[in-house]
Amino acid sequence: MTIYQDIIVDHYRNPRNKGVLEDATISESLKNYSCGDTITVYLNVQDDTITDVRFKGSGCAISQAAASILLENIKGKSINEVKKLTYSDIQELLGVKLSPARVKCAELALKAVQKGVTK
Amino acid sequence: MINPHEIKKDFPIFKNNPDLIYLDSTATTLKPQGVVDALTEYYEDYSASVHRGLYPLAARATKGYEDSREKIAAFIGAASAKEVVFTRNTTESLNVLAYTFESLLQEGDEIVTTAMEHHSNFLPWQALAERKGLTLTVLDVTKKGELKNIDEVLKQAISKRTKVVTLAHVSNVTGVVNPIKKIVSRIKAVNPECMVIVDGAQSVPHMPINVIDLGCDFFAFSLHKMLGPTGVGVLWGKKKMLEILPPFLYGGEMVESVTWKKSTYKEVPHRFEAGTPHIAGVIAASKATEYLAGIGMEEALMHEKKLLSYGLSELENAFGSDIVIIGPKDTSSRIGSLAFLFKEHHPHDIAELLGEQGICVRAGRHCAAPLHIALAIQASVRASFYVYSDRKDIDTLIEGLKKVDAMLSK
Ligand SMILES: Cc1ncc(COP(=O)(O)O)c(C=O)c1O
């Protein structure tokens, strides 16, 4: 089975919420040094709820698709809910089990989001 | 002329994986039946320790081990088998040098290396320079990944303070071959005392090598990159140079006489082989060099260059400027480690999607971050060839790349 499931290819080709959020209350960048993937996430948080999301980045299809899928998913969620997310939630959203080498790519956006909201 | 179709028959992995397209021989090569058999034979027939036992099995193991040293010494043109030290791999050979040199160098001494090194010939020296307060000079490369203005640069970089120059014979990314003989003579003309170390991990497997003719003082390589088993490397050094170095690991096998106060050590090479070695591996390693000698290294090199030319022109025909080759396109000064970029597709996606089609290539920085930094690229895809590679491997790669493109193009 290919790890490039339709949902991943779709979000890679047509990323949702790509861009900069001018009125973001939180922004956070992370880089995956081994492969050069970069992600910057922008969140607008009002009363503990994520009301708007954007991301910028470059890198492999897995890292970029995972960012798009994750952000779409956390819009409307509370900070507490977001803090509790783990890699297994990402895996569920992507619908594939990745090799350890690619897990780092897939969890980059989540790490950026969680780093941003715990600051 | 090499017939890869016939050669493939000697490699059991192709029987077990009939559709395998293996294009990662720069990382490690496949193993012929004779090598696999030699490993098994040792474990099944005479698995005794070397250099100690007085019974016939141990004598057979010792003879196999030392015969292998003779054969490998002959394969690289060493003056004597005493100059061949067995290690685990190139990385260990180079680290042995970086650690044993430590006691011979002083603050302010200079080490010179290049931007095209594998990490195993870069990090040990960077760390040594840090520990001892030495100056580490890194020679830069051109956009094609070749050393810049060698004559000029060496004139500037080498002085009486330069104690070590360490460089790759062949790059594991671009396949660029450094003119070692010329470089050594330039260095020695300025400073005859300067030690020249050559990382031969990508040269011995792919071309005829004569270490004496090269003129360097030390030369390191790994047998697993030339049809041999993993876990066996060589540190070759001129005998009088090896003799200057203190032991690195202390323990059994390397010692001559021991008292409670002081001990003396065996002569080279055994002084550098503490502990029970990879006996089966060493014995099997000479089956690998015998296999290569049977083919002929000139033949092997020619085969690889032909495949490289074919690969370069087929990639160009199929994808034009969508493929960017990392390294020179002129095959006269390089061999068949073919690194490239393909459109905006990330190398990891390319390698993963090729892998799903049974095509094995490497993606990333290939343990050569300094080169990727010099060329300002994040990562690359690398397809590499060996004696069993053929045109079909390249054709399949190109078909595979078309599928990758269809999948990922926006
Ligand atoms: C040029 C070069 N040097 C050193 C090494 C390290 O070899 P090993 O991993 O066998 O120690 C390699 C292999 O990747 C290489 O290609």
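If you bin all the Cα-Cα distances of region B:224-288 at 10 Å, starting from zero, the percentages per bin are 19, 41, 31, 7, 1. In order along region B:225-241, phi translates into HN-Hα couplings of 8, 9, 6, x, x, 6, x, 10, x, 10, 10, 9, x, 4, 4, 5, 6 Hz, rounded to whole numbers, per the Karplus curve 6.51 cos²θ - 1.76 cosθ + 1.60 with θ = phi - 60° and x for Gly and Pro. When the Gaussian network model of chain B links Cα atoms closer than 10 Å, the mean-square fluctuations of B:Asp45, B:Asp67, B:Asp393 top out at B:Asp45.
Take the Cβ atoms of B:Asp140 and B:Thr28, set R0 to 30 Å, and the FRET efficiency comes out at 0.55.
List the DSSP H helices in chain B whose Cα atoms stretch 27 Å or more along the helix axis and whose mean Kyte-Doolittle hydropathy is at least -0.5. Don't skip to the end; give the middle numbers.
Working: long enough: B:56-75 (28 Å, -0.60); B:297-319 (32 Å, -0.27).
Flagged H segments are B:297-319.
Give me the percent of Cα-Cα pairs in the protein assembly as shown that sit more than 36 Å apart, rounded to a whole number. Across the protein assembly as shown, Cα pairs with separations above 36 Å total 43 percent.
For region B:263-410, a crude dipole built from +1 on the beta carbon of Lys and Arg and -1 on the beta carbon of Asp and Glu, taken about the Cα centre, is about 300 debye to the nearest 20.
Starting from region A:46-88, pick out the trypsin sites (Lys or Arg not before Pro) whose DSSP state is loop and whose Cβ has at most 16 other Cβ atoms within 10 Å. All intermediate terms of the calculation are to be shown ahead of the outcome.
Working: sites: A:Arg54, A:Lys56, A:Lys75, A:Lys77, A:Lys83, A:Lys84; in loops: A:Lys75, A:Lys77.
Loop-located and lightly packed - A:Lys75, A:Lys77.
What's the FRET efficiency of B:Lys410 with B:Ser332 using the Cβ-Cβ distance as r and R₀ = 35 Å, to the nearest 0.05? Before the final figure, lay out the partial values.
Numbers: r = 38 Å, r/R0 = 1.09.
Given R0 = 35 Å and the Cβ-Cβ separation, E is 0.35.
Taken about its Cα centre, chain A carries a charge dipole of roughly 380 debye when the Cβ of each Lys and Arg holds +1 and the Cβ of each Asp and Glu holds -1. Which entries in B:Lys240/B:Lys329; B:Lys148/B:Lys305; B:Lys188/B:Lys262; A:Lys31/B:Lys410; B:Lys143/B:Lys403; A:Lys18/A:Lys84 show an alpha-carbon gap greater than 31 Å? From the list (B:Lys240/B:Lys329; B:Lys148/B:Lys305; B:Lys188/B:Lys262; A:Lys31/B:Lys410; B:Lys143/B:Lys403; A:Lys18/A:Lys84), the Cα-Cα distance tops 31 Å for B:Lys240/B:Lys329; B:Lys188/B:Lys262.
Determine which residues of region B:302-317 fall in the zone a paramagnetic label at B:Lys402 would reach in this model, i.e. backbone nitrogen under 18 Å from the point 7 Å along Cα→Cβ. Hits in region B:302-317 for B:Lys402 at 18 Å: B:311-317.
Using the count of nearby Cβ atoms within 10 Å as a rough guide to exposure, how do B:Glu152, B:Glu83 rank from fewest to most? All intermediate terms of the calculation are to be shown ahead of the outcome.
Values: B:Glu152 9, B:Glu83 25.
Neighbour counts put them in this order, fewest first: B:Glu152, B:Glu83.
Taking amide hydrogens as placed 1.01 Å from N in the peptide plane, the amide H of B:Arg362 sits under 5 Å from those of B:Arg382, each at least 5 positions away in sequence or on another chain. Orientation-averaged projection of region B:1-112 equals 11.8 nm² [convex hull of Cα atoms, one quarter of hull surface area]. Between the alpha-carbon centres of region B:291-369 and region B:219-254 there is a gap of 30 Å. The ranking of B:Thr90, B:Thr135 from fewest to most other beta carbons within 10 Å of each one's beta carbon is B:Thr135, B:Thr90. Within the straight-line cut-off of under 20 Å between alpha carbons, the aspartates and glutamates reachable from A:Lys119 are A:Glu22, A:Asp23, A:Glu28, A:Asp47, A:Asp48, A:Asp52, A:Glu81, A:Glu107, sequence neighbours fewer than 8 places apart in one chain being disregarded. Helix screen, chain A: DSSP H segments with Cα axial length of 15 Å or more and mean Kyte-Doolittle hydropathy at least 0.0 are A:61-74. The phi-based Karplus calculation (6.51 cos²θ - 1.76 cosθ + 1.60; θ = phi - 60°) puts the 3J(HN,Hα) values of region B:256-265 at 9, 10, 10, 10, 5, 9, 8, 10, 10, 10 Hz, whole numbers, x for Gly and Pro.
Sorted from fewest to most neighbouring beta carbons within 10 Å, what does the list B:Phe75, B:Phe218 look like? Each step should come with its number before you reach the end.
Values: B:Phe75 23, B:Phe218 27.
Fewest to most other Cβ atoms nearby, the residues stand as B:Phe75, B:Phe218.
Return a whole-number percent for the relative contact order of chain B, with Cα pairs under 8 Å and 6 or more residues apart as the contact set. Don't skip to the answer; put the middle values down first.
Working: 777 pairs, mean separation 93.5, N = 410.
That works out to 23 percent.
Shape descriptor for chain B: Rg over Rh equals 0.98 (Cα atoms; Rh from the Kirkwood inverse mean 1/r). Any idea what the relative contact order of region A:18-94 is, in percent, if you count C-alpha pairs under 8 Å spaced at least 6 apart? Worked out over region A:18-94, it gives 25 percent. Using bins of 5 Å that start at zero, the share of Cα-Cα pairs per bin across region A:3-117 amounts to 2, 13, 26, 26, 20, 10, 3, 0, in whole %. Of all the options B:Asn178, B:Asn191, B:Asn17, the one that moves most in a Gaussian network model of chain B with Cα springs shorter than 10 angstrom is B:Asn17. For region A:39-47, backbone phi angles converted through the Karplus equation (6.51, -1.76, 1.60; θ = phi - 60°) give residue-by-residue couplings of 9, 10, 10, 10, 10, 10, 10, 10, 6 Hz, Gly and Pro being listed as x. Note on region B:60-165: along the principal axes its Cα atoms extend 52, 34, 24 Å, ordered by decreasing extent.
Remark on B:Gly296: its backbone amide H falls under 5 Å from none of the residues 5 or more positions apart or on other chains, H modelled at 1.01 Å from N. Mean-square fluctuations from a GNM of chain B, with a 10 angstrom spring cutoff on Cα atoms, peak among B:Trp260, B:Trp125, B:Trp236 at B:Trp260.
Hey, what did region B:1-72 get for relative contact order, percent, Cα under 8 Å, at least 6 apart? Show your work: numbers first, answer last.
Working: 38 pairs, mean separation 13.3, N = 72.
Relative contact order comes out at 18 percent.
Coordinate-derived values only; no laboratory data. What you are looking at is a predicted structure, and each value in this text was computed from that prediction instead of being measured. Here the Cβ is made from the backbone with ideal geometry for all residues, glycine too, and neighbour counts use every protein chain on show.
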